[in-house]
Amino acid sequence: MQIELKHVKKVFANINEYVLALLLCKQTKNCSSMAHELNQTPYNLYKHQKTLSENEMRDKLINLIKIFSTPENKGYLVLDDTLMQKPHMSKSVNLTYGRDGATKRCEKGFVLVTLSWTNGIVTLNFTFEYWLREKDTKEKHRKKTDIALDLILAYKNIIPFKSVLLDGGYN
């Protein structure tokens with residue numbers, strides 16, 4: 001897939017070049033190779049980082065998705081959940097217990113229901129919602145399937161895609 005760098009850089013004109021370097025770098029994703037991809041020194045790569053809000057970053061990623069999507073390959077939405085283990089954390093907003101697919105055990109951490117886009121070459125994670133077990137939320141509890149459906153519906157008219165790929169747990 002050949003994407004003109006000028007189109008990608010236009011999206012990131014006032015954004016964190018670090019993210020752009022991650023997307024463009026074909027080598028190991030370390031500071032040196034990413035800076036090389038942008039014809040910069042590693043120091044300059046970090047020096048010029050700007051902090052964006054979550055919504056600003058999501059908007060930039062959606063614009064990138066529209067650049068990488070083509071009429072022949074609209075791409076796919078990929079929905080999955082993941083547990084970020086935090087075994088030593090005692091209290092935090094959204095801290096819960098969830099089943100870890102790797103350990104096959106219930107572990108303490110953050111459970112994220114994620115929505116990504118891929119065209120088979122580029123994959124961009126662009127949004128997520130926290131899932132909390134019923135014991136932690138009481139009457140506000142939402143099933144992962146409900147969160148997943150809300151995420152898909154929220155982006156169905158914004159992101160170009162052919163179909164949605166789901167983990168087997170969402171059947």
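The values are calculated or read from the model by the stated rules, or taken from the named source; none is laboratory data. As the structure is a computational prediction, the values presented were derived from the model and not from experiment. Because the Cβ atoms are built from the backbone with ideal geometry, glycine has one as well, and the counts that use them run over all protein chains shown. When the accessible area is computed, the model is the full protein with side chains, heavy atoms only, and any ligands, DNA or RNA have been set aside. Shrake-Rupley method; radii C 1.70, N 1.55, O 1.52, S 1.80 Å.
The figures follow:
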item: Separation in nanometres of the label points that stand 7 Å from Cα toward Cβ, at residue 91 and residue 104; result: 3.6
item: Local electrostatic count, residue 106, Cβ distance below 10 Å [Lys/Arg +1, Asp/Glu -1]; result: +3
item: With every protein chain in place, region 70-171: carbon and sulfur % of accessible area (1.4 Å); result: 52
item: Nearest-10 value in Å² for the accessible area of residue 69, using the 1.4 Å probe; result: 20
item: Environment charge at residue 87 (Cβ cut-off 12 Å; Lys +1, Arg +1, Asp -1, Glu -1); result: +1
item: Heavy-atom SASA rank of 140, 108 (probe 1.4 Å, accessible area, largest first); result: 140, 108
item: Length added when fully stretched, residue 153-residue 136, from 0.36 nm per residue minus Cα-Cα; result: 3.5 nm
item: Accessible surface, region 47-169, averaged per residue in Å² (probe 1.4 Å); result: 63
item: Within-15-Å neighbourhood charge of residue 151 [Cβ basis; K, R +1; D, E -1]; result: -2
item: More than 21 angstrom apart: percent of Cα pairs within region 65-150; result: 41
